[in-house]
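Trainee: Structure below; questions to follow.
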Amino acid sequence: MNVPSSSGSGSGSGSGSGNGGGPPSAVKRPLKEEDADPAADTKRARTSAAHGRDPTTVLAMEDAAIDLLPRLDAVQSLVNLKHAYTQLNDRYDQLQQEHAAASAKWAKDYAQVQQELITATARAAALRAPLAGASTSASASSSAGPAWTPTKIADTAARIRDNTSAAIEKQMKWQPTCREGRTKWKISVLVPMPQVFKAIFNFPDTQKEFKQKKLTKQEFEAIFGSLQSKMRYGMLYLSGPTVTLKWDAEEHEFTLSGTYGLQESMWPANRGR
């Protein structure tokens, strides 16, 4: 009996294996650093996602949660907070400017309305006075209203003083020039008759006519009081040694003007003295 040669069988087996008779062997590729280190994917994901938390989220976080933030996440969150703070600060400055502008406009409008009321009252009184003086009959005199007695003149002068003081204080709003006490104010007031004007300023009846006069600060405050206006972090006061007084005899109108600001000790040039 002839036995098949083992060499042929072995040759066929080897040929079949090499030509696809069996499953192909897996091709191995070299390992990359991230394949060797599974934590690299997590680290890379954290780095790419480190955009930081929005300011609202960070402010709502507990201290312990903030301590657990990754470094890059914490740094970016801090940058976001800084940016939000800058925006809020800019908006605050803008609101301050808008508030100052609105306050100045309100003060101007209020002073204008106040002045119109004073003017209307003075005009009405000025129109009634000649009618009362021109009438020769007792009935006409009584219908024209009471005469300008010393008491009535004094009461009218006191009322005009109070209204004038309030109107000046309404003008005393914060301006940059207040730091040096050189912000200007001005007001014009109508009076029904010269006697009332003299009573307001305590001038004697023999006072000579004048168009302009300087009042010392002490003289002005003796008449209208020590005027001041509150602001957010302090007070504003009248400044300057004098107040200018002008008198228009034809129109029965006087005008006052001066300056106001911080106390002199708070002026930049006087700090530290």
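Trainee: Scan segment 166-185 for residues that are surrounded by fewer than 20 Cβ atoms within 10 Å (Cβ to Cβ) and closer than 24 Å to ALA124 by Cα and jot them down.
Mentor: Result: ALA166, single match.
Trainee: Would you pick out the residues in segment 183-220 that are β-branched (Val, Ile, Thr) and touching a residue at least 12 places away in the same chain (Cβ under 8 Å)?
Mentor: THR183, ILE187, VAL189, VAL191, VAL196, ILE200, THR216
Trainee: Shifting gears a bit: Which residues, taken from segment 215-229, are more than 17 Å from LYS186 (Cβ to Cβ) and hydroxyl-bearing (Ser, Thr, Tyr)?
Mentor: Result: THR216, SER226.
Since every read-out is calculated from the coordinates, none of them should be taken as a lab result. Remember, predicted model here, so these are calculated numbers, not experimental data. Quick reminder, even Gly has a Cβ in these numbers, built from the backbone with ideal geometry, and neighbours come from all protein chains shown.
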